[in-house]
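Input: a single structure, listed below in structure tokens.
The values are calculated or read from the model by the stated rules, or taken from the named source; none is laboratory data. Only a predicted model underlies this, so the values are computations on that prediction, with no experimental measurement involved. Note: ideal-geometry Cβ built from the backbone for every residue, glycine included; neighbour counts use all protein chains shown. Just the protein is used for accessible areas: all its heavy atoms, side chains included, with ligands, DNA and RNA removed. Shrake-Rupley method; radii C 1.70, N 1.55, O 1.52, S 1.80 Å.
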Amino acid sequence: GAPSRSDGYGVVAPPRIWGRGTVTRRALLVQRFPSHRSHMQLTSLDWTVIAAYGVIALTLGLYFARRAGSETEQFFLGGRSMPWWLLGTSMVATTFSTDTPNLVTDLVRTGGVSQNWLWWAFLITGMCTVFFYARLWRRSGVLTDVGFYELRYSGRPAAFLRGFRAIYLGVFFNVMIMATVTLAAIKIGGVVLGASKYEVVLVAGTVTALYSATSGLWGVVVTDLLLFVIAMIGSFAAAYYAVAQPDVGGLSGLFANPALEGKLSLLPDFTDMRTATAVFIVPIAVQWWSTWYPGAEPGGGGYVAQRMLAAKDESHALKATLWFNVAHYALRPWPWIVVALASLIMYPTLESIQAAFPLVDPSIVRHDLAYPAMLVFLPSGLLGLVVASLAAAYMSTISTHLNWGASYMVDDCYRRFVAPAKDERHYVQVGRAATVGLIMLASIVSLWLENALQAFQILLQIGAGTGLVFLLRWFWWRINVWSELSAMVISFLVAIYFQFAHVALGFEAVDPSLQLVLGVLITSVGWVTVTFLTPPAQPDTLRTFHELIKPMGPGWRGAGLGLEPDPDAQGPSAAFLAWFLACVVVYGALCGTGYALYGQVGLSMACFVATAAAAVGLIKTFPRVGL
């Protein structure tokens, strides 16, 4: 079995109301843990399931090791031969990380279900990428998305931006994301296995780094398919047994429990405009287009761009991104939300979580810890599957980020600026070394973080205001290298001010939503001003880019180079229509599922009817957008 969690695993907060009447500590222990175990026990069946998962994952990684070691295009892009369904599922598995259910739990416990609009709003970004940018990324033929800079811009400034962006995203942003995922693994390992944060970081980081460094993108993507299936089964199992607890009383008991009062609405209370603005209005009106966030970059980027670049052709790139957005926003959220809501009944306060798990480091006891805390109610056997699913979620996310970040280090830094004339196998070896370095940095940062929402807000603020540059640079010739550099620098300085300077200067902290809006405004004004004060890219660069990419719309006519949209290319009207209909399909399915769980049949049917109607319309637009 696992190491002892405490002398009394079932130690809870002082007596309180659980269902009907007051329950004493001893009675509560018997009720919640009939065997009154002093620690969680993983049975031989649990360990067998976990071991089987580990063997299969490592076998797949080793199977693709030889292919991955031949050249960088194989190691980082799988030879550009991957089908849409495999790439799309890989993107879904990557975003199905250990920190995601923890983040959702944090949001639900602190602000209710409607708080999820902070990330649901990114669907608009994702569908914009599908119908406007997926084909363009595949058409570009670059190895990484930051390789785009020397395709679009000119001279030494473009080369500098490429290298700077590679380090800025591939190291700083990438390490922050991996640290957040590792923090979630630390919390899960502490609750489920009784492991210290140092033990979790050492074991999880070492295993994943070895797997990622050997298998390349083919191994990562194929294994992601397995990890996605396991993780989905695990999340549904966690939700089922959370609802099945006697204190919860099934779905009807869950949604009728007074502990959930004010937490269930899918939309915020618009009589409280401050909350509604922060949770819904700002994300829908500003955040989705203005903020760079990994996995939801305006115009695509990072590992999403990597998957599009690895696709067989432009159609497969579009289909892969479409499947990713449908699965990510329509299929996955509700099991996490159900567990989060049930946790409000089982662990209503942080004190009750700390009391139940007294050996967990108090510095990481936050509301996001409630998700792994709910896993203690799983029966033997199934517990092993859920632990394996969480390990799968961790590995799928970290392995993708390691492969993506290493591609920046190798192609956009090392090969571009340090050693441009080495053989392909040498660059693969450097990529493997970069993989190890990145996981070490992420592990160190994870020991500093306290909760998933903390990192989420930091990354949103740092990327605030840069998104519009990424959306326009494909379609407006006037965007130049200085536009992007100024946007990054200004947004970073604004974020630093809001996070730290107000403390040093003694100012009152600014609300996060206001920080975001102010950051977007300041950054946007700054980079637009810089754009008109600096020259555009060289005419030859603009002409070559336009001939290769063939962007839609009139944004290149003002260049004075006779550049016109390709008459045979898709028109922007079809893309806009498909974008709108796809968002309706996903949001309708998301809300319809929620209302069905709530037992609100009329609202659920209305949402599903809207979903069906929009889906029919979307299918009819497919030929016009290249599907």
If a residue must be over 30 Å from His316 (Cβ atoms), surrounded by 14 or more Cβ atoms within 10 Å (Cβ to Cβ) and at pLDDT below 60, how many such residues does region 31-70 contain? 7
Does Ala613 satisfy the condition of being part of a helix (DSSP H, G or I) and surrounded by fewer than 17 Cβ atoms within 10 Å (Cβ to Cβ)? yes
Within region 187-206, can one find any residue that is of a type in the set (Lys, Arg), open to solvent by less than 10 Å² (accessible area, probe 1.4 Å) and out of contact with any strand residue (DSSP E or B) (no Cβ under 9 Å at 6 or more places or on another chain)? yes
Looking at region 264-280, I want the residues that are without any contact (Cβ under 8 Å) to a residue 12 or more places away in the chain and have a partner that is assigned to a loop (DSSP other than H, G, I, E, B) with Cβ atoms under 6 Å, at least 6 apart or on another chain. Which pairs are those? Ala276/Pro268; Ala276/Phe270
Residue check: is Trp292 under 30 Å from Glu484 (Cβ atoms), open to solvent by 30 Å² or more (accessible area, probe 1.4 Å), within 16 Å of the chain's Cα centre (by Cα) and of a type outside the set (Lys, Arg)? no
Could you identify the single residue in Phe532, Phe545 that is farther than 30 Å from Leu251 by Cβ and open to solvent by 30 Å² or more (accessible area, probe 1.4 Å)? Phe532
Residue, surrounded by the most Cβ atoms within 10 Å (Cβ to Cβ), within region 71-96, restricted to residues that are out of contact with any Leu (no Cβ under 9 Å at 6 or more places or on another chain) and not in a helix (DSSP H, G or I): Glu71
Under 29 Å from Gly78 (Cα atoms), among the aliphatic types (A, V, I, L, M) and part of a helix (DSSP H, G or I), is that true of Leu227? yes
Counted residues, region 395-418 - those being open to solvent by 10 Å² or more (accessible area, probe 1.4 Å) and not β-branched (Val, Ile, Thr): 8
So in region 222-248, with the set limited to residues that are modelled with pLDDT of 90 or more and among the small types (Gly, Ala, Ser), which one is most open to solvent (accessible area, probe 1.4 Å)? Ala244
What is the residue count in region 366-383 for residues that are surrounded by fewer than 24 Cβ atoms within 10 Å (Cβ to Cβ) and modelled with pLDDT under 80? 3
Among the residues of region 316-336, the number that are surrounded by fewer than 24 Cβ atoms within 10 Å (Cβ to Cβ) and touching a Gly at 6+ places or on another chain (Cβ under 6 Å) is 1
Those helices (runs of 4 or more DSSP H) lying entirely in region 307-368 with at least 3 residues more than 30 Å from Glu199 (Cβ to Cβ): 314-326, 333-346
Give me the pairs, please: first residue somewhere in region 589-600 and more than 19 Å from Glu261 (Cα to Cα), second residue anywhere and among the β-branched types (Val, Ile, Thr) and crowded, with 18+ Cβ neighbours inside 10 Å, beta-carbon distance under 7 Å, and either six or more positions apart or on two chains. Ala589/Thr611; Gly592/Thr611
Going by what's in this entry, would Val525 be described as open to solvent by less than 40 Å² (accessible area, probe 1.4 Å) and part of a helix (DSSP H, G or I)? no
Which condition number in (1) open to solvent by 20 Å² or more (accessible area, probe 1.4 Å); (2) farther than 27 Å from Gln515 by Cβ; (3) touching a residue at least 12 places away in the same chain (Cβ under 8 Å); (4) outside any loop (DSSP other than H, G, I, E, B) is the one that Val286 fails? (2)
